[in-house]
Amino acid sequence: MLQVSDLTVGYHRDDAVLREVCLDLTAVAVHAIVGPNGAGKSTLLHTLAGHLRPTAGTVWCEGRDVTRWRPHQAARTGVALAPQGRRLWPSLTVAEHLTVTRPARHRPGSTFSVDELLEVFPALAGRLHHHGHQLSGGEQQMLTIARALHTAPRLLLADEPTEGLAPTVARQVTAVLQQLPQRGATVLVTLPHVRAAAALTDTVHVLTTGHLSHPVTASDGQAERLLRDHLTLTNPHAE
Amino acid sequence: MRVDAYLIPVVDGVAYGLLLAIAAAGLTVAFGAGGVLNLAHGTLIAAGGYIAAATSSGTWPSLAAAVALAAIAGAAGGGVLAAATAGLRGRGHLDQALLTFGVALIGGDLLTTVYGPDTLRPRLPATLEGTVEAAGHRYPVDRLAVLVIAVLVVAAGYVVLHRTRAGRLIRATVDDRAMVAGIGVNPRLVDAAVLMCAGALAGLAGALSTPILGVGPGTADTALLLSLIIVVCGGLGSVPGALAAALAVGVVQTLGVTSFPQLAPYLLVGAMTVVLLVRRRSLPGQAAA
Ligand SMILES: Nc1ncnc2c1ncn2[C@@H]1O[C@H](COP(=O)(O)OP(=O)(O)OP(=O)(O)O)[C@@H](O)[C@H]1O
Ligand SMILES: [Mg+2]
């Protein structure tokens, strides 16, 4: 859905966090990004969702230059962010999180009804009247993803969606993401290591201190090698 | 007998507190959602009072028109403030506070130019000028009517905030506006809508309070000061907190004036200091951050 070319983003004027990043999200599939802490994964996802303004480069959406779009415009076009750190609304209940979002009509997207979301995340069904801040970490993560899915995304940006989840719940979340392309939605997911990415997709991008690699095969060790090379480059004493 | 002596002031205090809650709710939400510290809020309240006093001529239709016009004028004022502060978004609270303070000065001047320096009171239909007897006490009908309407407005506010999508969007914007944008809603529209509703409520509060308090050149400053005390004590952005604080302020003020007249000026500030000292950021409705 999106094409990114030579994107440079930073939080301060002359200190870029991402440098000339290129990424092609045309294929309706799961695209994964792995990289060490602080590499800029969240920064990239926030930029694509319109929360950060790039200093250079272009983001295209179906031939349209959307580099400087605002978050609500990105959301209306079908880009949904499930942010790291959950970012729920503490004073809204679980049910309200899902009813305040409206699936966008008049455009394609992978529509999920509230009932369907509760089927996918049964843990939330028993918590409908709890507030955002009364949920366990795993429940918060599920609600973050459910909220994003309820906007009927065409591109789901999932930032470390399995962080802090018990293995069974993590598998459940992974399974949901995996099914999205069949429903017409593209997924861009960031994950902490190649193994987690390999469970989801065969092609991953490696992000190391602001530089994004070409897509590489997850299973044949290429991605691992890229990460290791980066580690030894930046920290020669690492074993 | 002693308890009875406090009954009337307490009822008065609750009515006053509800009026203050209506006035302050919009201020606290506008700050919580869009970060606008609206120092022209008291001026909107005074404008509502003046418009109501000038419009109500003793007939029921003129009274209805007075209340409606006050609310509409308040909403329009809120719209002007929304447009004026939108350009300053991202420049911090101080710039917006200064701008709204300037609007307050100009608005206050305009109001005294148009309505004169005297304290005005609306003329009410004869039915409202009498008293009713309840439980051995005589109570003015107009105050009772104000009390009932204030209860209805507060209840309606609760329903809107909690049972409508617009209300959920407002609460979500107070919590985390970036995530509101993330579901496809422009948070700046929410800000503008909140400022307009806050203005309407301010105008309404001004109109409802004129039969009891009258409206004059000091109204705007007093209303702003009390609203700010309520917003701060109730927790910035918290409507339930503002309601609790407003009721407390209303009762403390009214009881203070009737029971300890010589201490009254200090009671409120004293109570506020105590609240701020003991409050552990846990008033109802406030998320444990
Ligand atoms: N709001 C901010 N202001 C300034 N610098 C920031 C901000 N957010 C992130 N950074 C910096 O940008 C760099 C990239 O951060 P980012 O959060 O994108 O990394 P990440 O790859 O998502 O890391 P993690 O795996 O820990 O989530 C880091 O050096 C971080 O310190
Ligand atoms: Mg991150």
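The values are calculated or read from the model by the stated rules, or taken from the named source; none is laboratory data. The shown structure was predicted, so the numbers you read here are calculated from the model rather than taken from an experiment. No Cβ is skipped: glycine too gets one built from the backbone with ideal geometry, and neighbour counts run over all protein chains shown. Note: areas computed on protein heavy atoms with side chains; ligands, DNA, RNA excluded. Shrake-Rupley method; radii C 1.70, N 1.55, O 1.52, S 1.80 Å.
Just one of the listed residues (A:164, A:184) is more than 14 Å from the chain's Cα centre (by Cα), on the phi > 0 side of the Ramachandran plot and more than 16 Å from ligand 2 (Cβ to nearest atom), and it is A:184. Applying the criterion of being small (Gly, Ala, Ser) and more than 9 Å from chain B (Cβ to nearest Cβ) to the residues of segment A:137-148, the residue that is surrounded by the most Cβ atoms within 10 Å (Cβ to Cβ) is A:146. Scan segment A:86-95 and tell me whether some residue there is modelled with pLDDT under 95 and within 16 Å of ligand 2 (Cβ to nearest atom). Within segment A:86-95 (the criterion being modelled with pLDDT under 95 and within 16 Å of ligand 2 (Cβ to nearest atom)), the answer is yes, since at least one residue qualifies. Looking for something within 14 Å of chain A (Cβ to nearest Cβ), open to solvent by less than 50 Å² (accessible area, probe 1.4 Å) and in a helix (DSSP H, G or I) - is there at least one such residue anywhere in segment B:149-161? Yes, some residue in segment B:149-161 is within 14 Å of chain A (Cβ to nearest Cβ), open to solvent by less than 50 Å² (accessible area, probe 1.4 Å) and in a helix (DSSP H, G or I).
Filtered by the rule that a residue be open to solvent by 40 Å² or more (accessible area, probe 1.4 Å) and within 16 Å of ligand 2 (Cβ to nearest atom), segment A:1-16 gives a lone residue, A:11.
Is it the case, given these coordinates, that residue B:165 is open to solvent by 20 Å² or more (accessible area, probe 1.4 Å), among the charged types (D, E, K, R) and out of contact with any strand residue (DSSP E or B) (no Cβ under 9 Å at 6 or more places or on another chain)? Full working, then the answer.
Values: open to solvent by 20 Å² or more (accessible area, probe 1.4 Å): yes; among the charged types (D, E, K, R): yes; out of contact with any strand residue (DSSP E or B) (no Cβ under 9 Å at 6 or more places or on another chain): yes.
Yes, satisfied.
Here residue B:236 meets each of (1) closer than 30 Å to residue A:105 by Cα; (2) within 14 Å of chain A (Cβ to nearest Cβ) with one exception, condition (1).
Criterion first (surrounded by fewer than 23 Cβ atoms within 10 Å (Cβ to Cβ) and not aliphatic (A, V, I, L, M)) does residue A:161 satisfy it?
Details: surrounded by fewer than 23 Cβ atoms within 10 Å (Cβ to Cβ): no; not aliphatic (A, V, I, L, M): yes.
In short, no.
Tell me the residue from B:193, B:242 that is within 30 Å of residue B:124 (Cβ to Cβ) and away from every other protein chain (no Cβ under 13 Å), please. Of B:193, B:242, the one residue that is within 30 Å of residue B:124 (Cβ to Cβ) and away from every other protein chain (no Cβ under 13 Å) is B:242. If we scan segment A:201-210, do we find a residue that is open to solvent by 20 Å² or more (accessible area, probe 1.4 Å) and within 16 Å of ligand 1 (Cβ to nearest atom)? Yes, the conditions are met somewhere in segment A:201-210. Sort out which residues of segment B:179-192 are open to solvent by 30 Å² or more (accessible area, probe 1.4 Å) and in contact with a helix residue (DSSP H, G or I) (Cβ under 7 Å, 6 or more places away or on another chain), and write them in order of number. Hits for segment B:179-192 are B:188, B:192.
Only one entry in B:46, B:52 is on the phi < 0 side of the Ramachandran plot, under 12 Å from the mean Cα position of the chain (by Cα) and not acidic (Asp, Glu), namely B:46.
Among the residues of segment A:177-199, those that are surrounded by fewer than 21 Cβ atoms within 10 Å (Cβ to Cβ) and within 27 Å of residue A:107 (Cβ to Cβ) comprise A:178, A:179, A:181, A:182, A:183, A:184.
Just give me the residues in segment A:147-168 being within 16 Å of ligand 1 (Cβ to nearest atom) and in contact with a Ser or Thr (Cβ under 6 Å, 6 or more places away or on another chain), in sequence order. Break it down stepwise before answering.
Residues of segment A:147-168 within 16 Å of ligand 1 (Cβ to nearest atom): A:157-165.
Scanning segment A:147-168 gives A:159, A:160.
Restricting the first member to segment A:27-51 and to residues that are within 14 Å of chain B (Cβ to nearest Cβ), and the second to residues that are within 6 Å of ligand 1 (Cβ to nearest atom) and of a type outside the set (A, V, I, L, M, F, W, C), the beta-carbon pairs closer than 7 Å and six or more apart or on different chains are A:42/A:84.
Once segment A:96-136 is narrowed to residues that are among the small types (Gly, Ala, Ser) and within 14 Å of chain B (Cβ to nearest Cβ), the residue that is nearest to residue B:171 (Cα to Cα) is A:132.
Would you check which residues across segment A:26-48 are more than 13 Å from residue A:211 (Cα to Cα) and either within 13 Å of ligand 2 (Cβ to nearest atom) or surrounded by fewer than 20 Cβ atoms within 10 Å (Cβ to Cβ) (or both) and list them? Within segment A:26-48, A:26, A:27, A:28, A:29, A:37, A:42, A:45, A:46, A:47 qualify.
Yes or no: segment A:217-229 includes at least one residue that is under 25 Å from residue A:90 (Cβ atoms), more than 17 Å from the chain's Cα centre (by Cα) and open to solvent by 20 Å² or more (accessible area, probe 1.4 Å). It would help to see each step written out before you state the result.
At the first step, the residues of segment A:217-229 found to be under 25 Å from residue A:90 (Cβ atoms) are none.
Checking segment A:217-229: not a single residue is under 25 Å from residue A:90 (Cβ atoms), more than 17 Å from the chain's Cα centre (by Cα) and open to solvent by 20 Å² or more (accessible area, probe 1.4 Å).
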